[in-house]
């Protein structure tokens, strides 16, 4: 099975030199309307699909992003690997604005989002002990280094509900928990990608130090905007390098991303809800 790379991120990623046969594709999902149409094409011979997480024009808040529809839509397109690229705050002095972090762990503090494709009528439990794909994360690290980005390998992402930023007390608490970066969008995205048996990697683009930092109040908004714009350019360079480096052939995943549902479904076959099973055709078709 050939690799088909999905990128979930912001508007700076759509204008990539060398993208061939680019077109915006609408894919229907039984889980609702995705954030936007998907830009499909090929880059250095690799099939890619760009999904604007917040929609073009930033119409979705972190809470209203249709996470289930987004992941289901990518799966229906044939995407095998998903790279999430998102702006984050930093909890560490050595993780500076403009740096990128390859996330390998999450703490999920969101509370107002649907977090699973499964439920009453078809119950399933997947492991997210190691929520990202080690092979795809390693490829992202290498691509970032090739692109000249200051990369940090490994980090814990605190996912907060938002849309407000954290208080100073919360920021100090998350630092004490051992978190490295904070954002609002990687959960339940990572959990749903695992349920859909997709290889998932997360790249945190640091824009600022969170409210814990003594100089936080002195940061000018224009500085953050400049960092955001610079990060967009770096992300484009990283994606171009990643498309060059990724193998055209997908092999068995040592982390088990593509077999996550093998023993996950608990509901007896004769007790499963046909209506829910119909919605799960793309996500869980391999085991159903």
Given (1) in a strand (DSSP E or B); (2) touching a residue at least 40 places away in the same chain (Cβ under 8 Å), index of the condition residue 17 fails: (1)
By residue number, the members of the range 81-91 that are touching a helix residue (DSSP H, G or I) at 6+ places or on another chain (Cβ under 8 Å) and modelled with pLDDT of 95 or more are 81, 82, 83, 84, 85, 91
Among the residues of the range 128-136, is any in contact with a helix residue (DSSP H, G or I) (Cβ under 7 Å, 6 or more places away or on another chain), within 26 Å of residue 151 (Cβ to Cβ) and surrounded by fewer than 22 Cβ atoms within 10 Å (Cβ to Cβ)? yes
Filter pass, residue 286 being in contact (Cβ under 8 Å) with a residue 40 or more places away in the chain and assigned to a loop (DSSP other than H, G, I, E, B): yes
Return the residue satisfying two criteria in turn: it lies in the range 189-204 and is closer than 14 Å to residue 158 by Cα and in a strand (DSSP E or B), and of such residues it is nearest to the chain's Cα centre (by Cα). 202
For the range 96-127, what are the residues that are surrounded by 19 or more Cβ atoms within 10 Å (Cβ to Cβ) and within 30 Å of residue 270 (Cβ to Cβ)? 117, 118, 122, 124, 126
What's the number of the condition residue 145 fails, among (1) out of contact with any strand residue (DSSP E or B) (no Cβ under 8 Å at 6 or more places or on another chain); (2) at pLDDT 95 or above; (3) closer than 20 Å to residue 7 by Cβ; (4) surrounded by fewer than 22 Cβ atoms within 10 Å (Cβ to Cβ)? (1)
Please enumerate the residues belonging to the range 55-70 that are touching a residue at least 60 places away in the same chain (Cβ under 8 Å) and either assigned to a loop (DSSP other than H, G, I, E, B) or surrounded by fewer than 24 Cβ atoms within 10 Å (Cβ to Cβ) (or both). 61, 62, 63, 65
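Conditions tested, residue by residue: (1) assigned to a helix (DSSP H, G or I); (2) touching a residue at least 60 places away in the same chain (Cβ under 8 Å).
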| site | (1), (2) |
| --- | --- |
| 137 | yes, yes |
| 148 | no, yes |
| 152 | no, no |
| 179 | no, yes |
| 187 | no, yes |
| 217 | yes, no |
| 230 | yes, yes |
| 234 | yes, yes |
| 238 | yes, yes |
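The values are calculated or read from the model by the stated rules, or taken from the named source; none is laboratory data. Source: prediction; values computed, not measured. Heads up, the Cβs are rebuilt from the backbone with ideal geometry, glycines too, and the neighbour counts pull from every protein chain shown.
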